[in-house]
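Input: a single structure, listed below in structure tokens.
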2 protein chains.
Amino acid sequence: MDDIAPKRRRAGGRAANPRRNRGEVLDQMPWRIPINTDRPIEPLTEEGVAAIHEGAMRILEEIGIVFLNEEACAIFAEAGCTVEDQVVRMGRDWVMEMVGKAPREFTITPRNPAKALPIGGRAILFGNVSSPPNYWDLSLGSKVPGNREQCANLLKLTQYFNCIHFAGGYPVEPVDLHPSVRHLDVLFDKLTLTDKVAHAYSLGPERVEDVMDMVRISCGLTDEEFEAKPHMYTNINSTSPLKHDWPMIDGCLRCIRRGQAVIVSPFTLAGAMAPVTMAGAVAQSIAEALSAIALFQYVRPGCPCVIGTFTSNVDMKSGAPAFGTPEYMRATQMTGQMARYYGLPLRASGACTANVPDGQAMWETSNSLWSAVQSGTNIVYHAAGWLEGGLIASPEKFIMDCEMLQMIQRYFEPEVVATGPDEIAVEAIAEVGHYGHFFGIDHTQARYETAFYQPIVSDWSNFEAWQAKGGVWTAERAHLIYKQIIDGFVPPPMDEGIREELEAFVDRRKREGGAPTDF
Amino acid sequence: MDDIAPKRRRAGGRAANPRRNRGEVLDQMPWRIPINTDRPIEPLTEEGVAAIHEGAMRILEEIGIVFLNEEACAIFAEAGCTVEDQVVRMGRDWVMEMVGKAPREFTITPRNPAKALPIGGRAILFGNVSSPPNYWDLSLGSKVPGNREQCANLLKLTQYFNCIHFAGGYPVEPVDLHPSVRHLDVLFDKLTLTDKVAHAYSLGPERVEDVMDMVRISCGLTDEEFEAKPHMYTNINSTSPLKHDWPMIDGCLRCIRRGQAVIVSPFTLAGAMAPVTMAGAVAQSIAEALSAIALFQYVRPGCPCVIGTFTSNVDMKSGAPAFGTPEYMRATQMTGQMARYYGLPLRASGACTANVPDGQAMWETSNSLWSAVQSGTNIVYHAAGWLEGGLIASPEKFIMDCEMLQMIQRYFEPEVVATGPDEIAVEAIAEVGHYGHFFGIDHTQARYETAFYQPIVSDWSNFEAWQAKGGVWTAERAHLIYKQIIDGFVPPPMDEGIREELEAFVDRRKREGGAPTDF
């Protein structure tokens, strides 16, 4: 789709391993629901958990949360909370009673039931980067506003990689589409290019309802069937400190009333929108999240809710957000402990601060992803493709991140740590003895094709072989793979009648003017 | 020292943050002994630990270990083990009795007592890359055989960074120095350019004895004082499968007889020198290590020993070793469980497969470093500067790795997860309320300078600011920092008399011909 910049061209076409069968560019890992068998890392003592809980409860009782949503305020008042000028104060007994109604686990079933997602428990699921306004790739070499083609290409990556379990928000904001109809076009692309769990932005009633209808159509369901169980979800952020905006709460209320799932992810940057101390930032985040979840449980007891964490620190020199820092890791782990304390599934992120897919990007993302693992996170947002604190989406970064996600998936496969007699292999060791090697023996031959993780973009050649292939650095290899995947992409099958119904829905809603843009 | 390649020159001099005071190029973290407060990740059940132990014991009892060292064979025979053609079979009761004599914790004290290292317990210590035959940096842009100047520069980085606790083997092999005198020149450089714990290669009696004498001189000690406690260490690898070479065992025996520490690190590549199954590779590694440690404990009960792990997998397509893989991580964690089972301190590594300091290098190294953390590793070899499976040393990689090491150090600082009233900060949250921010309040102002990790090579600018500084990728920023550190390097103080004694020792040993090179 783009010209190749000189840096890329230098690499030649020899970098990747081109099995150019359509749809089989890579020998990737199979679709699987990774089960996190590691005991979570828990930096908080029992007293620490109690202190953060106490802080969150005091925030809810004494300071209150602003709900810029009259319907929500009326519901809180009905439930016996104190509501003054949209500041809602709520007692801890009521909050805990409501939060206690939320399910610990539930399932979201998209149009392809084979891609249904168990949310909660020990499952850990990964989604694409969501919502960057800008796009960067190596052939452009610069940061540009996102467009529909880039968005669609990133959706193709979302579908292509088995290690990506759900299609989150727009992988890049397509600003070439008018905001009134953007959701219609992107959701059409998302629902036809992928068959994975999809998401609606809570940005006004029309958008949320349109997306729910489109997901319903994609699943071939009646309203009643759609509302019987979760087929999609919305994700909202609070407006820290201590506020929930109108469209976010409205969207969640619409989702839960139609049986769909919600994720509440406060964005508490320590030192800016939250205390400079990480435990304080976590306490505030917990208060903001629980206030909304309590509301939703009051409205629809037992509705599927996930608590999100997006607590990190700012760079105190510039005030800019930083991700994948030690403080970010600990905040994620602490929130994991709190989520288990409240019995709620947890969402975290695969975030970084870096501007390009280089070494810094990968150590920051690695820190974020491992802290998601260590915290017992169930849903990892932005797990592939995120740069510049979420302001840039990059296909190279997407593919590089998928290597890390596949390694985490492999890391959790039980066979890696199996200790039966065949794995301890004393007989094989005796057979090889003191002067042989293991390459040729039966024990090795019977297992070598599946014994170890096989990389997709990592180059395990020695320096000389790597140099002979052009000496291509990782981001450039990822660029070539990206092109090959897009070239060979085959959309998942869709019933022609469903496709026509989706098209007709989009046409009708466009004729009606789409969604208002004056919110 | 080198011309700057075009790629580097493009960056201009604006990339790093140049506080060019001598010795203060970076605002780095202070010297500290990081204490690993995380509970280890333990993939093995109790039965799994028992199965690996049983496998290791069967290897020692039924298959035996080859000791290509007549003195060792004689000692084993004296101890009641079965010795046939240098194959030593030893009963588990004897092995466990001997291993039980090893201390769980001990201290190594270098010439600067402020840099003494507690080995074992919850301390986690990092050392420079050791023993690559080749060197690569961005200004060269190619892989070249190492030389003394490169080796010295990497020793300067070893000294400069507070997060590097010890000077391991040669950070690059200086092949311009004749093997007969190489150890004399490099140890002179190491002992004058650093004041941290040093290491001797077990490559022949003369080398080990020379290094022990040089360390003794650097500490200003008599033989008796030197031998009273550990001031240095040696690290040996077994020759897998199931063999210990003559010089390795000889060097360890010399070290323990003079009170110095030893690390025994089998290099068991699953699928090549060990079973293709990770538990089998770990069991073999344990057997190889325990056999040597049992010998040393028989010779000197209570001598300081560390068990090392270097178990990874090969790329089954090429047979080349791979590092930082999921299998590597799990093997490291499993060995951690076994080390605790035997009551021995653990050594692991910060290894990767990548050939250049790019994204792949950093996710692989990050995997290795986090698995060191997760396994409760006490000594992390090759923690900075390693590329190409250990065949290349790179100063850029060294600096990039130090960013990760500093983040791990910060991650373990108790204040990050403190939950006192000042950290929960309900009053600060009340003060800011619903419509303010936290930048200006006293709670933030009193803490912001030390609240968060400050990076050394990461660039946290947004894209536009980063672009205005030249759009420099991480490895290029690291190169500039490397140059600045070398330019401004100030060696640690050394008593002039001690320096002269070291010089005289080197001169005398050179006149005597150095060490034989016919082993």
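Nothing in this text is a laboratory measurement; each read-out follows from the coordinates by a stated rule. Remember, predicted model here, so these are calculated numbers, not experimental data. Methodologically, a virtual Cβ is constructed for each residue, glycine included, from the backbone with ideal geometry; neighbour enumeration extends over all protein chains shown.
Judged by the gyration tensor of its Cα atoms, with axes a ≥ b ≥ c, region B:106-412 is rounded; a/c sits under the 1.5 cut. Helical content of chain B, expressed as a calculated mean residue ellipticity at 222 nm, amounts to -12500 deg cm²/dmol (DSSP H runs of 4 or more residues, -39,500 (n - 2.57) each, divided by residue number, nearest 500). Taking every DSSP bridge with both residues inside the protein assembly as shown, close to 40 percent are antiparallel. Coupling constants for region A:451-467 follow from the phi torsions by the Karplus curve (6.51 cos²θ - 1.76 cosθ + 1.60, θ = phi - 60°), and in residue order they are 5, 10, 4, 10, x, 9, 10, 5, 10, 9, 5, 6, 4, 5, 5, 5, 5 Hz; glycine and proline get x.
If we count every other residue with Cβ under 13 angstrom of B:P174's Cβ, Lys/Arg +1 and Asp/Glu -1, where does the sum land?
Working: positive: B:R148, B:R182, B:K190; negative: B:E149, B:E173, B:D176, B:D185, B:D189.
Combined, the nearby Lys, Arg, Asp and Glu give -2.
If only the Cβ of Lys and Arg carry +1 and only the Cβ of Asp and Glu carry -1, the dipole of region A:205-358 around its Cα centre is close to 460 debye.
Peptide B:348-359 has a mean of 6 when you count, residue by residue, the C-beta atoms of other protein chains within 10 Å of its C-beta.
Just for chain A, what percent of DSSP beta bridges are antiparallel, to the closest 5? Kindly include the intermediate steps, with their values, before the conclusion.
Numbers: 17 of 44 bridges.
Approximately 40 percent, going by the DSSP bridge assignments.
Measuring nothing but how far apart in sequence close Cα pairs (under 8 Å, 6+ apart) lie, relative to its length, chain A scores a relative contact order of 21 percent.
Just to verify a number: FRET efficiency for A:W31 and A:W246, C-beta to C-beta distance, R0 = 30 Å, to 0.05? Kindly include the intermediate steps, with their values, before the conclusion.
Values: r = 38 Å, r/R0 = 1.27.
After rounding to 0.05, the efficiency reads 0.20.
Using only side-chain charges placed at the Cβ, +1 for Lys and Arg and -1 for Asp and Glu, the dipole size of region B:20-158 relative to its Cα centre rounds to 1140 debye.
Other residues within the sphere of radius under 9 Å centred on the Cβ of A:P205, judged by their own Cβ, net out at -1 (K and R +1, D and E -1).
Within 10 Å of the Cβ of each residue in B:446-458, the mean number of Cβ atoms contributed by other protein chains is 6. Positive-end ranking of A:G169, A:P113, A:T158 along the dipole of chain A, with charges on Cβ about the Cα centre, is headed by A:T158. Between copies, the label points at A:E431 (set 7 angstrom from Cα along Cα-to-Cβ) are spaced 7.1 nm, reported in nanometres from shortest to longest.
As an equivalent ellipsoid, chain A spans semi-axes of 39, 29, 23 angstrom, where each value is the square root of five times an eigenvalue of the C-alpha gyration tensor, largest first.
Under 15 Å from the Cβ of A:I33, count the other residues' Cβ atoms, weight Lys and Arg +1, Asp and Glu -1, and hand me the total. Net of charged neighbours comes to +3.
When peptides B:437-443, B:310-316 are sorted by average Cβ neighbour count within 10 Å, with the highest value leading, the order is B:310-316, B:437-443.
Note down the magnitude of the dipole of the protein assembly as shown about its Cα centre, charges +1 on Lys and Arg C-beta and -1 on Asp and Glu C-beta and zero elsewhere, to the nearest 20 debye. Mind showing how you got there, number by number?
Numbers: 94 positive and 130 negative charges, 276 e Å.
In debye, rounded to 20, the protein assembly as shown gives about 1320.
Simple rule: put +1 on each Lys or Arg Cβ and -1 on each Asp or Glu Cβ in region A:210-361, find the dipole, and look at A:M338, A:T268, A:C255; the Cα lying farthest toward the positive end is A:M338.
Antiparallel beta bridges, as assigned by DSSP with both residues in region B:106-412, represent about 25 percent of the total such bridges. Per-residue mean of foreign Cβ neighbours for B:311-324 is 4 (Cβ atoms of other chains, 10 Å radius).
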